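Report on the structure given below.
Nothing in this text is a laboratory measurement; each read-out follows from the coordinates by a stated rule. Here the structure is a predicted model, which is why all the values come from computation and not from measurement. Cβ: placed from backbone, ideal geometry, glycine included. Neighbour counts: every protein chain shown.
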Amino acid sequence: MSNNAFRDHIAHDNMTPLWEVLRGLTPREPKQTADPVIWRAETIRQNMKMACEVISAEDAERRVLVLENPKFQGKSQITSSLYAGIQMILPGEVAPSHRHTASALRLILSGQGGFTTVHGEKVLMNPGDFVITPTNVFHDHGAQGTEPVMWLDGLDVPVVQMLNAGFSADDPNLRQVLTRPTGDSNARFAAGLRPVGDTHGGPVSPLFHYPYSRTRAALEQLSLVDEWDACNGFKLMFTNPTNGLSPIRSMGAFMQMFPAGFKGTSFRETDGAVCCVVEGSLRVQVGDQTWTACKDDVFVLPGWAWRCFEADEQCVLFSFSDRPLQEHLGFWRSEINPSATTTPGENHENLSV
Ligand code: GTQ
């Protein structure tokens with residue numbers, strides 16, 4: 001019997017020969033599944049302005065423009081494991097309270113007076129702030145100032161979908177009933193202290209608001225004392241204060257600073273990342289693309305694609321990826337351009353691959 005005839009024969013029994021698919025199942029190295037792509041701040045702003053004329057936050061439930069990778073058309077994915085979107089809320093609007101299995105992280109881009117209520121605690125959100133909504137807790141959003149408020153959303157939707165573990169529910173209340181005062185979680189958990197007898201420590205971080213003023217001060221201090229990393233400059237990861245791990249287990253979020261004159265070494269990592277410029281500008285080389293990314297531009301670094309950064313002026317960059325998930329599973333790998341022979345902290349010419 002020929003190989004083809006054999007394959008067709010066993011197909012009726014819902015079986016297939018492994019030898020025809022083995023290398024696809026166990027590739028020699030990761031295939032690049034996502035395109036390197038950039039969304040410019042101006043395009044985002046213009047399309048969001050139109051979205052505000054098309055629908056209210058309440059009617060939309062969430063007024064979000066999904067950032068969809070061309071490689072995942074119709075799937076609402078920015079990489080194989082991540083969802084990203086840009087959300088806007090206008091003064092006085094309500095994005096009604098709901099909850100879902102997917103966890104969300106947010107980077108506030110613009111506007112004063114934005115707030116989100118997470119698990120009964122109202123959090124005021126300022127530009128640069130990092131805010132999380134852990135799995136299955138109620139959250140609603142609003143804007144109590146005079147300005148529209150816009151932020152970047154990152155969710156682990158593709159992971160939840162792959163595991164088919166998703167639930168969601170609407171809150172009977174449009175806005176949550178406030179059960180704790182604003183600032184409560186930060187007072188309890190953000191001062192290097194923790195209430196004795198506190199029982200947190202599971203997958204859900206009790207801290208969900210990381211103000212930019214503190215993040216910025218930490219980066220500044222690092223940059224005064226440490227030598228920069230040859231690839232990543234000065235890079236910090238947001239953590240759950242009760243265990244030092246990422247506040248969301250499926251995604252990690254990072255803020256990094258590149259000093260003026262930084263010329264990075266080319267490198268790659270298995271986690272694909274979504275990045276957003278918070279301050280300054282950055283020259284990004286990734287795969288076959290080269291961009292100068294400016295404030296509020298959002299771009300994708302596909303997993304295992306070579307990338308390198310250069311900064312003429314000081315730049316602060318936010319990013320998120322599925323790195324904690326990969327690390328937990330023992331999958332995560334990184335590689336530095338083997339032809340780069342530099343010492344961390346040295347200013348050097350980039351050698352691209
Ligand atoms: O803010 O709750 O971008 O539920 C996508 C789904 C944001 C949110 C998104 C959501 C939300």
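For this structure, a couple of remarks:
- Ranking 242, 290, 340 by Cα position along the charge dipole of segment 192-340, where only Lys, Arg, Asp and Glu carry charges on their C-beta atoms, puts 242 farthest toward the positive end.
- Mean sequence separation of contacting Cα pairs (under 8 Å, at least six apart), scaled by the length of segment 68-187, corresponds to a relative contact order of 35 percent.
- Distant-in-sequence amide H partners of residue 110 (H built 1.01 Å from N, under 5 Å): 150
- Dividing the summed helix terms, -39500 (n - 2.57) for each DSSP H run of n ≥ 4, by the number of residues in the chain produces a 222 nm estimate of -5000 deg cm²/dmol to the nearest 500.
- In this rough spin-label picture, where each label sits 7 Å from Cα along the Cβ direction, the residue 306-residue 33 distance is 2.4 nm.
- Amide H contacts of residue 130: 210, 212, each under 5 Å away and 5 or more positions distant or on a separate chain (H built 1.01 Å from N in the peptide plane; Pro and chain starts excluded).
- Among 79, 182, the ranking by other beta carbons within 10 Å of each residue's beta carbon, starting with the fewest, stands as 182, 79.
- Segment 85-178 - convex hull of alpha carbons, volume per residue in Å³: 77
- Simple Cβ-charge dipole of the chain, Lys/Arg +1 and Asp/Glu -1, about Cα centre, in debye nearest 20: 360
- For the pair residue 56 and residue 144, label points projected 7 Å from Cα toward Cβ lie 2.1 nm apart.
- Other-chain or far-sequence residues with amide H under 5 Å of residue 119's (modelled H): 138
- Virtual paramagnetic centre 7 Å along Cα→Cβ of residue 101, amide N under 14 Å, in segment 135-171: 135-137, 156-169
- Summary value for the chain: 16 percent relative contact order, contacts being C-alpha pairs under 8 angstrom separated by 6+ residues.
- For segment 219-342: relative contact order, % (alpha-carbon pairs under 8 angstrom, 6 or more apart): 31
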